[in-house]
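Beneath this line is the structure, given in structure tokens, with notes to follow.
The values are calculated or read from the model by the stated rules, or taken from the named source; none is laboratory data. All values reported here derive from a predicted model rather than from experimental measurement. Here the Cβ is made from the backbone with ideal geometry for all residues, glycine too, and neighbour counts use every protein chain on show.
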Amino acid sequence: MTRRTKIVATVGPASESPDALEALIRAGVDVFRLNLSHGTLEEHLERVVDIRAAADRVGRAVGVLADLPGPKVRCAPFPDGGVMLETLAVVELAAGSAGSDQRRIEIEYPSLLSDIRMDDYVILGDGAITLRVLQVAPVVRAVVETGGRVQGRPGAHLHSERLRLETPTAEDLVLARAMAAADVDFLAVSFVRAAADLRRVREVVGDWRGGIVAKIETAPAVAALNELVEEADAIMVARGDLGIECPMEDVPHLQKQIVRRCVESGVPVITATQMLESMITAPAPTRAEVSDVANAVFDGTDAVMLSGETAIGADPIRVVRTMARITERAERESAYRQWANRLGRVQRSLSSVATDNDRITFAITHAAQQAAVDIGASAILCCTRSGNTARAMARFRPEARLIGLSPNLGTVRSMTLSWGVEPLQVDVYRSIDDLVWFAVERSVGSGAVKHGELVVVLAGEPRRGTGGATDVLRVVRVT
């Protein structure tokens with residue numbers, strides 16, 4: 001594998017068959033996303049089984065990310081065929097669920113009259129239709145600033161800081177339990193505002209060993225970024241709702257800020273939303289979309305995500321292959337050496353607040369990065385039970401191949417989201433000597449390492465009392 005940026009693909013009607021899943025893995029998918037906002041729980045549980053079977057047939061580790069719906073405010077249904085909301089028309093807004101039309105839009109949010117304010121914006125769907133509130137009493141009236149056709153039950157985006165909605169919802173917690181029991185690898189929590197939202201999900205899933213993904217899509221989440229990075233196992237830059245919640249001109253800068261913060265902390269980060277949107281129907285992306293994906297790679301993102309492109313698109317396999325080509329080409333121009341140099345300075349400035357284990361792991365991975373450069377190592381082998389060693393090493397974006405080896409299948413699958421990490425499963429060994437020897441042997445057997453090459457091997461030895469820190473570094477010539 002030469003591509004380092006991971007690809008997350010959403011499963012849907014266009015991609016849910018066993019043959020399609022297998023073809024998508026061969027095309028380059030590293031993690032499959034299940035959007036729990038659509039379909040039944042039973043359908044998603046069947047997809048987990050099908051994904052695992054397809055991964056076994058291909059012989060590759062593939063992750064599964066279950067994306068919880070979150071608190072979605074929707075309009076009451078519009079008539080069949082939809083209606084046209086004309087720009088500058090004035091409409092009435094009301095709390096209710098009976099129905100909506102071009103004169104009165106009912107929103108399924110009981111506290112609407114209490115929480116809405118003059119000059120608030122109400123955005124329908126994915127941002128195509130914008131209403132501005134003109135009057136709040138005795139009835140709410142709004143002017144259509146950007147019109148268009150609206151149909152079905154579109155989402156209604158209101159001012160998030162005043163919304164009385166709980167994250168995660170009761171439905172989210174039920175779904176989280178079920179998906180954790182199905183042994184998915186990641187749970188994504190929608191519309192997160194604070195670290196406490198993530199802890200509520202951790203409490204209900206008990207001893208499940210998967211990772212919690214915080215979706216950054218609200219202004220409060222941006223303000224709480226540092227605490228969310230500390231609490232989450234991964235972060236998603238959900239640019240769709242983020243671009244509605246924040247000024248759209250801020251979104252590229254927020255994306256770079258979030259990605260940079262995650263890379264510094266060794267927390268995998270996914271860049272999502274409308275990356276190759278035109279390929280839902282078209283055979284090729286727009287040039288702007290190609291640039292968008294490439295710039296996400298230049299930002300340093302761990303993964304890029306496809307949504308409707310693979311869920312309902314005309315040719316999901318072509319989409320994944322296109323994404324793989326774009327990211328691989330962009331990686332050849334990325335200044336990863338500068339990432340490593342900058343990270344060294346950042347970590348030294350944070351060393352006073354880090355734990356002993358963190359400082360040990362940083363020192364060893366930093367040394368491994370430099371050693372790999374100095375000796376021209378072909379690969380860095382990270383022996384890890386939890387995946388932390390591989391994630392800590394991935395922060396440096398090394399030029400050498402990055403192999404993550406673990407005896408735990410769950411850990412192997414969790415590493416599918418981390419930049420550059422090629423996950424492999426190994427047996428449990430009792431000594432560091434055996435661990436290093438068989439890690440090299442397994443890497444050679446997989447084709448990642450060749451005879452005569454120099455490799456750097458990282459591991460941890462709990463008997464030394466380091467409590468899980470990475471504290472062993474060896475340079476090995478493969479013979």
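When residues in segment 59-101 are screened for being under 30 Å from G211 (Cβ atoms), in contact with a Gly (Cβ under 8 Å, 6 or more places away or on another chain) and assigned to a strand (DSSP E or B), 1 of them pass. Residue pairs whose Cβ atoms lie under 7 Å apart, sitting 6 or more positions apart in sequence or on different chains, and linking a residue in segment 84-99 that is farther than 21 Å from M118 by Cβ to a partner that is surrounded by 12 or more Cβ atoms within 10 Å (Cβ to Cβ) and basic (K, R), are M84/R149.
Exactly one residue out of V457, V444, V476 is of a type in the set (A, V, I, L, M), under 30 Å from the mean Cα position of the chain (by Cα) and modelled with pLDDT of 90 or more, and it is V457. Of all the listed residues (A54, A66, A14), the sole one being of a type in the set (G, A, S) and either surrounded by fewer than 17 Cβ atoms within 10 Å (Cβ to Cβ) or in contact with a Ser or Thr (Cβ under 9 Å, 6 or more places away or on another chain) (or both) is A14. Filtering segment 230-249 to residues that are at pLDDT 95 or above and within 27 Å of V73 (Cβ to Cβ) leaves E231, A232, A234, I235, M236, V237. Residue pairs whose Cβ atoms lie under 9 Å apart, separated by 6 or more positions or on different chains, with the first residue in segment 277-292 and at positive phi and not assigned by TED's automatic domain parsing to the domain that holds V251 and the second surrounded by fewer than 19 Cβ atoms within 10 Å (Cβ to Cβ) and at pLDDT below 95, do not occur. Quick check: is even one residue across segment 165-176 of a type in the set (D, E), buried (at least 21 other Cβ atoms within 10 Å of the Cβ) and within 30 Å of G206 (Cα to Cα)? Taking every residue of segment 165-176 in turn, at least one turns out to be of a type in the set (D, E), buried (at least 21 other Cβ atoms within 10 Å of the Cβ) and within 30 Å of G206 (Cα to Cα). If you check V150, V140, V122, V133 for being surrounded by 13 or more Cβ atoms within 10 Å (Cβ to Cβ) and closer than 23 Å to V222 by Cβ, only one passes: V122. Counted as qualifying within segment 196-275 are the helices (runs of 4 or more DSSP H) with 3 or more residues that are among the aliphatic types (A, V, I, L, M) and surrounded by fewer than 21 Cβ atoms within 10 Å (Cβ to Cβ), namely 219-223.
Restricting segment 120-143 to residues that are part of a loop (DSSP other than H, G, I, E, B) and closer than 22 Å to S307 by Cβ leaves a set whose member that is modelled with the highest pLDDT is G125. Among the conditions (1) among the basic types (K, R); (2) farther than 19 Å from L173 by Cα; (3) at pLDDT below 95, R209 misses just one, which is (2).
Residue by residue, here is whether (1) within 27 Å of the chain's Cα centre (by Cα); (2) modelled with pLDDT of 90 or more holds:
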position	(1), (2)
W419	yes, yes
E422	yes, yes
H451	no, yes
A469	yes, no
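Would it be correct to say that A61 is among the aliphatic types (A, V, I, L, M), surrounded by 16 or more Cβ atoms within 10 Å (Cβ to Cβ), modelled with pLDDT under 95 and in contact with a Ser or Thr (Cβ under 7 Å, 6 or more places away or on another chain)? No, not satisfied. Within segment 102-119, the set of residues being within 13 Å of L158 (Cβ to Cβ), among the polar types (S, T, N, Q) and in a loop (DSSP other than H, G, I, E, B) comprises just one member, S111. In segment 125-134 there is no residue that is in contact with an Asp or Glu (Cβ under 7 Å, 6 or more places away or on another chain), in contact (Cβ under 8 Å) with a residue 24 or more places away in the chain and of a type in the set (D, E, K, R).
For segment 21-36, indicate whether the set of residues that are surrounded by fewer than 16 Cβ atoms within 10 Å (Cβ to Cβ), assigned by TED's automatic domain parsing to the domain that holds A324, touching a residue at least 24 places away in the same chain (Cβ under 8 Å) and out of contact with any strand residue (DSSP E or B) (no Cβ under 7 Å at 6 or more places or on another chain) is non-empty. Checking segment 21-36: at least one residue is surrounded by fewer than 16 Cβ atoms within 10 Å (Cβ to Cβ), assigned by TED's automatic domain parsing to the domain that holds A324, touching a residue at least 24 places away in the same chain (Cβ under 8 Å) and out of contact with any strand residue (DSSP E or B) (no Cβ under 7 Å at 6 or more places or on another chain). With the requirement that a residue be buried (at least 16 other Cβ atoms within 10 Å of the Cβ) and either of a type in the set (F, W, Y) or more than 34 Å from the chain's Cα centre (by Cα) (or both), what does segment 69-93 give you? Across segment 69-93, the qualifying residues are F78, L85, V91, L93.
Note on segment 321-367: residues that are in a loop (DSSP other than H, G, I, E, B), at pLDDT 70 or above and not charged (D, E, K, R) amount to 3.
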